[in-house]
Amino acid sequence: MSPSLVQGARGQRGLLRQIREVMADGSSAQARLDRVVEIIARSMIAEVCSIYLRRTSEELELFATEGLNREAVHNTRLRLSEGLVGEVARSGQPLNLNDAPSHPSFAYRPETGEDPYNSFLGVPLLRGGRTIGVLVVQNMAMRTYGEDEVEDLQIIAMVLAEMVAGDLVSDDELKDIEIAPQRPERLKGSSFADGIAIGTVILHEVPVTPDHLLSDDAIAEEARLLTAIGDLRDQIDQMFEGQHGLAGPTFDVLETYRMFAHDRGWTRNLVEAVRSGLTAEAAVERVRNEQRAKLNNARDAYMRERLHDLEDLGNRLLRVLAGRNTVAREIPDNAILVARDLGPADLLEYDRKKLKGILLEEGSAANHAAIVARALQIPCVGRLERLRDKVNQGDQVVVDGETGEAYLRPRPDILGAAVARMDMRAARRAEFEKLKDVDAVTRDGHRVALLMNAGLEFDLEIMHETGAEGIGLFRTEFQFMVSEDLPRLKRQTELYERVMDAAGDKPVIFRTLDLGGDKILPYMETEREENPALGWRAIRMGLDRPALLRMQVRALLTAAKGRELRIMFPMVASVDEFRQARELVDIECQWARRRGRPLPQVLRVGVMIECPSLLFHLDALLPMVDFASVGTNDLTQYLFAADRTNPRMSDRYDVLSPPMLRALSTIQKAAEDSGTPVSVCGEIAGKPLEAFVLIALGFNRLSMPPAGIGQVKRMILSLDREQASKAIRKLMGSSYGSLRSEVLALARKLNVNL
């Protein structure tokens, strides 16, 4: 049996009391740290105990040790990516080894004299989510430290981190310790929502540091915890009932979130931690640390989202315990929200008028926060590595949703450039506003229909503001992705009816479920696939589970109520797949007729062209469809065999390349010859340069994100399509991998307003 750090809560309290007394005795910082490592080593029966602190140089310096050579103190320094200590600091997680020298991250430093020590346990000193140091214990014997020892050392590290940041930080010996970052810094990430914003950092996970870690009365502490959990549930219920003006998918998100707040397993873990002798706050910290460890190892996308939800509940519970239990959080004007990731109900806490930008350490362009940010037109940048480790509450930052960058504590020149770009964008928005009711007609008389992509009811609120002529792509899967169970017929029908009511006399194209791949549903059993983007998804899933597709079609037919209805099938790879899907629509129409149900006044059924196989069977496909839409996002990734969500692939191909332009030209020509209306609904439709090429190829219907409509319309009004068409077709014969530079030069030569 391994020796334990403490024998129950009483021993733990005694050890922490000793550490507090030493840290408060008024001696030098060095003397106090030296005494602390002696106490920890003796209590844990460890032959070595060491404290490493983080310098402003981004190095971890050995500040105190019991057991290693004292001469190594202040002389041994490790980079954040170096050695086992660096591994702990980088990951922010404990590292427990019985044979440390065999670990691939082990870095031998002869001056420390640590040769004979095999076992290693290191835990991070965390403050506000930032690693400010590492606490290590070592022994000669090859042993793995027990779970209780790991947890106890983490608790000691929590206390030590606060003391270093509070009691010792003013000491001259620690003046170079980087408790919080201060230097200007530029981070490169991914753009989740377009736009530029300057503002003040508001940390979504504002640290609530427990004043006390150990409880003298476990029964009273458990009662306090359960009361706080009840208050938390009341908060979630208030969000759910008020909805903050939201409905549809966002309403379903809140319903799912409320279920997690009532999760028995989560509550049980918290109660057990309190019964072990911890305060309610320390119990939340312990459970959160366990969840974070699981999160780092979770490969399944759905599991990661669920763990994020549970961690967010922990953050909320800490705020309730600290008395910060209001549903809406007060924020300053020009607030920039910073978080590792955002849970499903998070944005409802903030005043949308004051929230100007979002920065995320993790996330993806397809997660809830990014979708809502685009709908609300709030600039959002994600995948900013170690963001929470590099930013402070109250810092000034620039969110650059155009380039996917964040500037932390920007220099005056960066700030001035951002202001100038914001002024320019404001002027352009004013110009676009004047064009809202102007038809998009080229200089030589060709009219282009500009529609918008949507998926949330937020989008419908701004459709009329943008001047969009309809919805060229409504992504119906969002309602399914944010629900904990399958949306039944009534809920689907109500959503589709609200969409058509909001659109009025403008057309709406409903894309049937595009699920699978990275869009995982918790209530559908799926097998893990080697290549999910090429696997069981979209129309393939609908045809294999016809009841699912038929229920959606029935909901759409019911919602139409005698109006025109347009349905489009995604990911169709063969004519047979479209034929089978169309037959299911016909079956549902027959079902409605037999029961005297009203049918749409006009029913049009179309197809998305995004699988390269259809390029060679358009002559058979197009006569069967009422319309077609080119999904350039997927068509491009399949054409180039390059995952569009993989950052490493982003510069390996260009949509403005001869192969892609030839593919698009083939589709346009075949549609024109067969008299089939065709549109482009990928991201490129909302980019002026790419839209310039699409129109030159003959496309006259483009569907895009709302923010793209104004700038594309301005471009169209300056364009002579016939001139552009002749020049673009000449470029398509080039052997270059990308024609972007040539297309840009051509647009400038033709005086196209980009």
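A short reminder: the numbers here are calculations on the coordinates, not readings from a lab. Worth saying up front: this structure is predicted, and the values here are computed from it rather than measured. Don't worry about glycine lacking a Cβ; one is built from the backbone with ideal geometry, like all the others, and counts go over all protein chains shown.
Couple of notes before you dig in:
- Anisotropy class of region 618-754 from Cα gyration tensor, a/c 1.5 cut: rounded
- About its Cα centre, region 435-749 has a charge dipole of approximately 540 debye under the convention of +1 per Lys or Arg Cβ and -1 per Asp or Glu Cβ, with nothing else charged.
- Within the shell defined by Cβ-Cβ distances under 12 Å, the residues around residue 383 carry a net charge of -2, with Lys and Arg each +1 and Asp and Glu each -1.
- Karplus-based coupling profile of region 713-726, in residue order and whole Hz: 5, 4, 4, 4, 5, 9, 9, 9, 5, 5, 4, 5, 4, 4, with θ = phi - 60° in 6.51 cos²θ - 1.76 cosθ + 1.60 and x standing for Gly or Pro.
- Relative contact order, percent, region 658-753 [alpha-carbon distance under 8 Å, six or more residues apart]: 32 percent
- On full extension, the segment bounded by residue 275 and residue 56 gains 74.8 nm, given 0.36 nm per residue less the C-alpha separation.
- For region 435-749, the average shadow cast by the Cα convex hull is 16.3 nm², which is a quarter of the hull's surface.
- The residues neighbouring residue 422, those whose beta-carbon lies less than 14 Å from its own, together hold a net charge of +1 under the Lys/Arg +1, Asp/Glu -1 convention.
- Under 30 Å from the Cα of residue 390 - lysines, other chains or at least 8 residues apart: 175, 188, 294, 353, 354, 356
- Working from label points 7 Å from Cα in the Cα-to-Cβ sense, the residue 641 to residue 102 distance is 4.0 nm.
- The residues packed around residue 335, meaning those with a beta-carbon under 9 Å from its beta-carbon, carry a net charge of 0 if Lys and Arg are +1 and Asp and Glu are -1.
- Taking 0.36 nm per residue of separation and subtracting the Cα-Cα distance, full extension of the segment from residue 425 to residue 591 would add 54.6 nm.
- Region 8-174 - percent relative contact order, Cα under 8 Å, separation 6 or more: 20 percent
- Residue 749/residue 352 FRET efficiency (R0 45 Å; Cβ-Cβ; nearest 0.05): 0.55
- At an R0 of 30 angstrom, the distance between the Cβ atoms of residue 574 and residue 602 translates into a FRET efficiency of 0.65.
- In this structure, residue 322 and residue 186 have a Cβ-Cβ separation that, at R0 = 30 Å, corresponds to a calculated FRET efficiency of about 0.35.
- When each of the peptides 733-746, 698-711, 422-435 is scored by how many other beta carbons lie within 10 Å of its residues on average, the order from highest to lowest is 698-711, 733-746, 422-435.
- Computed from backbone phi, the HN-Hα couplings of region 151-156 come to 5, 5, 5, 5, 5, 4 Hz, rounded to whole numbers (Karplus: 6.51 cos²θ - 1.76 cosθ + 1.60, θ = phi - 60°; Gly and Pro given as x).
- Under the Karplus curve 6.51 cos²θ - 1.76 cosθ + 1.60, θ = phi - 60°, whole-Hz ³J(HN,Hα) for region 405-413, x wherever Gly or Pro sits: 10, 10, 10, 8, 6, x, 5, x, 5
- Segment residue 447..residue 669, full-extension length gain: 78.1 nm, with 0.36 nm per residue of separation and the alpha-carbon distance subtracted.
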